[in-house]
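Report on the following structure.
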Amino acid sequence: MPDDDVTAQPARTSPAATSAPTGRAPAPSVSHAPGTSPDGERPLGVLIGYDGSGQAVQAPHYAARAAPRQDLPLTVVTAYTVPTMAYAEAALTPVVPAEVARLNAANESLEEAREHLRDYSGAVDLRAEWGDAAGVLVKLSAQAAVAVVGARGRGGFMGRSLGSVSAALPAHAHCPTVVVHRGYELGEGAHRFEPLEEDSPVTVGTDGSARAEAALDAAAQEALARGTSLRVLMVLPSLEDWGGSYAAWRPDPDVVRTHRSRAAARLERGLERRHREHPELTITSEVLFGDPVRSLLAEAADARLTVVGTRGHGRVMSTLLGSVSRGLLQHAEGPVMVVPSHAT
């Protein structure tokens, strides 16, 4: 993979499928995992990016635990490209064409992924896809229920918290994207893919806007699938940001309490539908003052999963992703799900 997060591989799998542009390495027909249909609405199930890097290993393990909750297959994808090469002499031309060598390397990466999922009993499809990693995964995300990648892959600078794929995919994916950080517990033995038995909630951040609805719905479904509670947080600007210098101007305590109370009432009204639709789901909500990223990072340390929306509609990737979701992806200790506003 040219750069960053792409991860996974399976136990009981369908034959590896590969694709390449015309004139490049031959590509066998695309296979489909058992129990799925090529014309299904989301036939790829859980889409996993895998590039063989150390952090890429986190993604298939997380996906293998998540997929059985909704009876979804796993689709593990490794992307590869072929650089244009010029040789001064014919004798310098490699015996194995570059496109074949790159395809072989991609298939070797998939075999590594298969080994990581050795004890997984669910349906798995392995694919080597020609193209840029981020572009390939964004395109395939239209056929997936959720996409999963590690926080970093092989490319980029080691000091970066996010890789190019794990930053680009959540901003442009057609489905929710989960970024799994290196601190995720992998487990050992045949039981490592069993769901974790924890009481920790699924936490979702909301700003009360219409575009946050998709994230709330996704978080509710994740909490139900895990058999845990849902914690909803709305973080209002800190008092220092209410106007002027904090040292020179302090909001009246009664004004602060009124502001928080009204925001909490709006938040609860927005959650009424979830209470009606999921009476079995315990939902708690809280309105906080402070920096949204710091507040959600503190909650993420104890959450099973932290969910946020993409936010924003700018042309620049960082604007598409939003400062809150990007901050969480860079620094959260646990898995973070980013939900596009159009997700259903």
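Things worth noting here:
- For the residues A105, A56, the requirement of being within 30 Å of E197 (Cα to Cα), at pLDDT below 90 and assigned to a helix (DSSP H, G or I) singles out A56.
- Single residue of segment 150-185 satisfying the filter (modelled with pLDDT under 80 and of a type in the set (A, V, I, L, M)) that is surrounded by the most Cβ atoms within 10 Å (Cβ to Cβ): L162
- Residues considered: L169, L224. Of these, the only one that is of a type in the set (A, V, I, L, M) and in contact with a Ser or Thr (Cβ under 6 Å, 6 or more places away or on another chain) is L169.
The values are calculated or read from the model by the stated rules, or taken from the named source; none is laboratory data. Predicted model, so just to flag it, every value in this text is computed and none were measured. So basically every Cβ, Gly included, is an ideal-geometry build from the backbone, and we count neighbours across all protein chains shown.
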